[in-house]
Amino acid sequence: MEAVHEGEIVDVHALIMSFPASNTGFVVPLPSENQECFLSGLKLLFKQAGGIPLSIRIDNLTPAVKKVRGSEGEAQLTDEFMAFKNHYGFKVQVCNPRSGHEKGNVERKVGYVRYNFFSVPPVIKDFDDLTEQLYQKFLIDRKRMHYRKEAIIEDLWACEQKQLLKLPDNDYSVFKQTTIKFNKYNEFKLDQHLIHVPKAKNYSQLYCITFWNEFKVITNEGEVLLSDARPYMRKRRLIPWKDILKDWVYKPRVVGHSRYREYLPARVREYLLTPSLSLRKQRINEIITLLVQYDMKGINEQFYELISKNDEVVSNPYDVEWSQYDALQPIGGENHEGNH
C-alpha cells in the first residue's frame, strides 16, 4: 500500500493476522518483507492481540519457509523462524503452494484493510504513527456485527482472546549478523545500496547487525563504527504535483475536495484555497511555474520570498494573516496533518 510522509509517497508492506472465529484482525505496517521485518511484525501483532495464538497458518513466505510442501514431504521452516516459534510456543501450519483458499479469512482481511484503510493513502509521521492509526481503526472496527454470526465482533473476540497463550517474560531479539565483504572503496552492499564505512580496511573483519529499521557495523571487539537507518527507510517517491495542479487549473473548484488537498504543505494549501475561483486559478498557475525550479517542500519553506516576487499586491498577497497562523502552526508542525 501507500502512505504520505512530509509530502512524499512511502511504500508500505502490511503484515496482517486474522482470527477467524471472531473475525478480529490486526495489522502492522512495515518498510520491507525481509526476515527482520517479518519477525518484528509478528512480535508486535502478538502484543496487540494480548497473547499468542495456539496455532498460526501461514503461506509460503520466504522469511519463514525455506522449502515448500511437495511430493517429497512437508514444508521446511527457516532456522530463524523455528527459533522464534519455539520461543513463543505456537504451532505452525504451512499452506500448500498456490492455495489461497486454505487461508481465505486472512486473504479477505487483506482486501478489507486495503479498501477501507488505504483507499486514500494516510498522512503519517513515521511507521510507529501509522501502526497506531491502524490499531485504532481496528479497535473501532470490532464494534460492528460479525458478517455471519449475530454478535458484535468485540464480544466474540473477548471469548477468543481467552484461548491465547501468555506472552513470555523475556523478549525475543530480532536481528541478523553477517560478515561484511568490502570493495576497494570501503563500501559494502545492504538492501541493494552501497554503504561507505570510513577506514574499514584498518580492520581484519567487520560485521553488519541488521534490525528491521536500522543497521550497525561493528568490530570483533563490539565497537560500533557506523549506525544508521536501513536504506529502505529513506525510500520515497515524489507526488506528481505538476500533473495534479495542471488538472486543477481547468477545475479549480475541485481543489477543496481533492484527495491531494491534505498532502499539500500548510502554507501552500491555504494559499490555494482562496474563495475566488479566478484568483485560485491564477495561484495554481503560479505554483506550477515555481515547480520548474523548486519542489513542493521547498516552495513551502521559502513561501514568503517566492510568492512575494510574483504577487503584485505585496502588502498582503496571501489573504491570510500569516503572523497569527505561523504562531500556532510551526513549519512542518505536527498539529496540522496536511504538513506530512
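Couple of notes before you dig in:
- Failed condition for residue 174, given (1) surrounded by 13 or more Cβ atoms within 10 Å (Cβ to Cβ); (2) over 29 Å from residue 11 (Cα atoms): (2)
- Scanning the stretch 248-289 for residues that are under 30 Å from residue 126 (Cβ atoms) and either in the same structural domain as residue 213 (by TED's automatic domain parsing) or loosely packed, with under 13 Cβ neighbours inside 10 Å (or both) gives 256, 257, 259.
- Summed over the stretch 1-37, residues that are in a strand (DSSP E or B), closer than 16 Å to residue 106 by Cα and among the hydrophobic types (A, V, I, L, M, F, W, C) total 8.
- Any hit, the stretch 42-62, residues being part of a strand (DSSP E or B) and aromatic (Phe, Trp, Tyr): no
- Residue selection: residue 156 fails the criterion of being in contact (Cβ under 8 Å) with a residue 24 or more places away in the chain and within 25 Å of residue 40 (Cα to Cα).
- Test: residue in the stretch 183-203 that is within 22 Å of residue 41 (Cβ to Cβ), modelled with pLDDT of 95 or more and among the β-branched types (Val, Ile, Thr): no
- Single match in 272, 225, 279 (criterion: within 30 Å of residue 196 (Cα to Cα) and among the aliphatic types (A, V, I, L, M)): 225
- The residues on offer are 27, 12, and the sole one that is under 16 Å from residue 115 (Cα atoms), buried (at least 21 other Cβ atoms within 10 Å of the Cβ) and touching a residue at least 12 places away in the same chain (Cβ under 8 Å) is 27.
- Residue 32 satisfies every condition listed in (1) surrounded by 16 or more Cβ atoms within 10 Å (Cβ to Cβ); (2) at pLDDT below 95; (3) touching a strand residue (DSSP E or B) at 6+ places or on another chain (Cβ under 8 Å); (4) among the polar types (S, T, N, Q) except (2).
- Residue satisfying condition, being of a type in the set (Lys, Arg) and surrounded by fewer than 16 Cβ atoms within 10 Å (Cβ to Cβ), within set 69, 98, 57: 98
- Only one of the listed residues (26, 90, 84) is within 19 Å of the chain's Cα centre (by Cα), at pLDDT 90 or above and not acidic (Asp, Glu). That residue is 26.
- Of the numbered criteria (1) within 29 Å of residue 38 (Cβ to Cβ); (2) loosely packed, with under 15 Cβ neighbours inside 10 Å; (3) more than 28 Å from the chain's Cα centre (by Cα), the one residue 292 fails is (1).
The values are calculated or read from the model by the stated rules, or taken from the named source; none is laboratory data. Computed from a prediction, not measured in an experiment: that's the story for all the values here. Reconstructed Cβ throughout: ideal geometry from the backbone, glycine too, with neighbour counts over all protein chains shown.
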